[in-house]
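Derivation of every value follows stated rules applied to the coordinates shown; laboratory data play no part. In this text, all values refer to a predicted model and were calculated from it rather than measured experimentally. Methodologically, a virtual Cβ is constructed for each residue, glycine included, from the backbone with ideal geometry; neighbour enumeration extends over all protein chains shown.
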Amino acid sequence: MLTRRSLSVALAGFGAARAASAQTPAFPDRPVRLLVGFPPGGTADTIARIIAPPISARLGQPLVIENRGGAAGVLAVEMAARAPADGHTLVLASAGALAVIPHMQASMPYDPFRDLLPVTRTVSTPQLLVAGRQVPAQSVQDLVRLARERPGRLTFGSTGSGSTLHLAGELFKMRAGVDILHVPYRGGAPAVTALLAGEIDMLLVDIPVVMAHVQSGAFRALGLAAEQRIGVLPDVPTIIEAGVPGVIAEGWYAIYAPAGVPAARIATLNRAIVEGLAQDETRRALANLGGVVQASTPQELNEFLRTEHTKWGEVVRASGARMN
C-alpha cells in the first residue's frame, strides 16, 4: 500500500508539473523590439547594431532594431514606457533622456524610476575634449590657464542648448572654475564644422564623431571626461588626471523595459544581454568606437541612474541650462 500510495503521489506531482509547464509559455516566444531614440548611422544606432546579433543568439529570437528618433531620445523611451509589459519591447535609452532632460522640462511623458524597469547597462562612450589648431594649448592644464587669462573669450560648442554636450561643457567649467562661452549648434556635424573653421575653440564630444579629425591632426585631443584612459586613445589622459576633479561625462546607453514586466523575464533578458556583451568580437567592435562595455545587474543600473540623475540635476540648476 505504501508503494502504491507513493507512486500515486509521484505521478500526480509529475502531472501537475507538466500542466504548469504547458501553461507557462516560453520567453521570448517572438522577436523582441529594441527601440533606439536616434536615427540610423549615429552612435546609438551603431551600438545597437553591434550588440543585436550576439543577444539574438542567446535569446533564441531576433532582436529587431526600430529607430524612433525624436526629442533627443525622449520619444523612444516614452514608447517603451507605454508598451505592453511582456518583455518583448525594450529601449536603448540614453543619458540625456533619463538623467538630463527630466531636469529641463516642466513635464515629462514618463518617470524613469516609476514607468521603466532597468535591465542592464550596455556601453559608455566617454566624451573627448578637443581643441582647434588655433588654440595655443597642448594640454588640459594649458587650456585652463588660457581660460583664466581670457575669461569669457574662449568658446565651446555643443549640439544645442540643454544637450548632453552642452551640460558636459558646463560641468567642465564648474569643476575647472573658468568662464568659457557656450555656442550651440543644431547637431554634431555643424559643431564639428564650426571647430574645423575656427569659429569656436573647443568641443566636448563623443569620440566617434571626431576621431578622424584627431587622427588627421585637425583637432588636438586634450583629455577624456572619464574615470580612466581607453585603449583607442591610450596617450590621452583623463581630465581628472590633468587636475580637474569630477569631470566624468559619458554618452552612456542602458536597456530598459516597461514597468510591470515579470522579474523572471527581466532576469532572462539581463542574462542574454550581459552574455552577448561579453563576447570578444562584440567588445572589440565597441572598443573601435571608443566604447567601453559596462554590463550590470538591474539593481546596479538603478543605483547608477540615481547617481547620474542627481549629478546632472545639479549642473542644470547651477548653469541655468534650458532646452532649445
**Q.** Vicinal HN-Hα couplings computed from phi for region 169-179 (Karplus, 6.51 cos²θ - 1.76 cosθ + 1.60; Hz; Gly/Pro x)
**A.** x, 5, 4, 4, 4, 4, 6, 8, x, 10, 10
Q. Hey, what did region 126-225 get for relative contact order, percent, Cα under 8 Å, at least 6 apart?
A. 47
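Shape call for region 126-225 from the C-alpha gyration tensor, a ≥ b ≥ c root eigenvalues: rounded (a/c under 1.5), prolate (a/b greater than b/c) or oblate?
On the way: a/c = 1.43, a/b = 1.14, b/c = 1.25.
Rounded shape, in that the Cα axes give a/c under 1.5.
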Q) What are the residues whose amide H is under 5 Å from the amide H of VAL123, where those residues sit 5 or more places off or on another chain and H is modelled from the backbone? A) TYR253, GLN294
**Q.** Neighbour net charge for SER161 - beta-carbon separation under 12 angstrom, K R +1, D E -1
**A.** +1
Q | Using alpha-carbon coordinates, inclination of helix 298-319 to the longest axis of the chain, degrees | A | 30
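Just to be sure I follow: if Rg is taken over the C-alpha atoms of region 14-158 and Rh is the Kirkwood radius over the same atoms, what is Rg/Rh? It would help to have the intermediate numbers written out before the result.
On the way: Rg = 21.9 Å, Rh = 18.7 Å.
Ratio value, two decimals: 1.17.
For the chain, what is the charge dipole size about the Cα centre, in debye to the nearest 20, if Lys and Arg each add +1 at the Cβ and Asp and Glu each add -1 at the Cβ?
Details: 29 positive and 25 negative charges, 132 e Å.
So the dipole magnitude of the chain works out to roughly 640 debye.
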Q) In a shell of Cβ-Cβ distance under 14 Å around PRO208, excluding PRO208 itself, what net charge do Lys and Arg (+1) and Asp and Glu (-1) give? A) -2
Q | Charge dipole of the chain about the Cα centre (unit charges at C-beta), most positive-ward option of VAL74, LEU203, ALA225 | A | VAL74
Q) Summing Lys, Arg as +1 and Asp, Glu as -1, what charge do residues with Cβ under 15 Å from the Cβ of VAL130 carry, VAL130 excluded? A) -3
Q) Taking Cα atoms, how many degrees apart are the long axis of helix 207-216 and the longest axis of the chain, rounded to 10 and kept between 0 and 90? A) 40
Q.
With a cut-off of 8 Å between alpha carbons and a minimum separation of six or more residues, what is the relative contact order of the chain in percent?
A. 26
Q) Quick one, which of (i) 0.94; (ii) 1.10; (iii) 0.97 is the actual Rg/Rh (Cα atoms, Kirkwood Rh) calculated for this model? A) (ii)
Q.
Of the candidates PRO136, PRO53, PRO102, which one comes out as most mobile in a Gaussian network treatment of the chain with C-alpha springs shorter than 10 Å?
A. PRO136
Q: Using per-residue counts of other Cβ atoms within 10 Å, averaged over each peptide, order 33-42, 297-306 from highest down.
A: 33-42, 297-306
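Report the gain in length on full extension from VAL232 to GLU275: 0.36 nm times residue separation, minus Cα-Cα distance, nm rounded to one decimal.
On the way: separation 43, 0.36 × 43 = 15.48 nm, distance 2.31 nm.
Taking 0.36 nm per residue and subtracting the Cα distance, the gain is 13.2 nm.
Just the number, please: percent antiparallel of the DSSP beta bridges in the chain, rounded to the nearest 5.
Details: 26 of 42 bridges.
Around 60 percent of the beta bridges assigned by DSSP in the chain are antiparallel ones.
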Q. Which translational diffusion coefficient, to the nearest whole µm²/s, is obtained for region 28-90 from the Stokes-Einstein equation, given a Kirkwood hydrodynamic radius over C-alpha pairs, 25 °C and 0.890 mPa s?
A. 206
Q: Please give the peptides 241-251, 227-237 ranked by average Cβ packing (other Cβ atoms within 10 Å per residue), highest first, as a rough proxy for protection.
A: 241-251, 227-237
(Q) Which residue, PRO136, GLY188, SER296, has the largest displacement toward the positive end of the dipole of the chain when charges sit on each Cβ (Lys, Arg +1; Asp, Glu -1)? (A) SER296
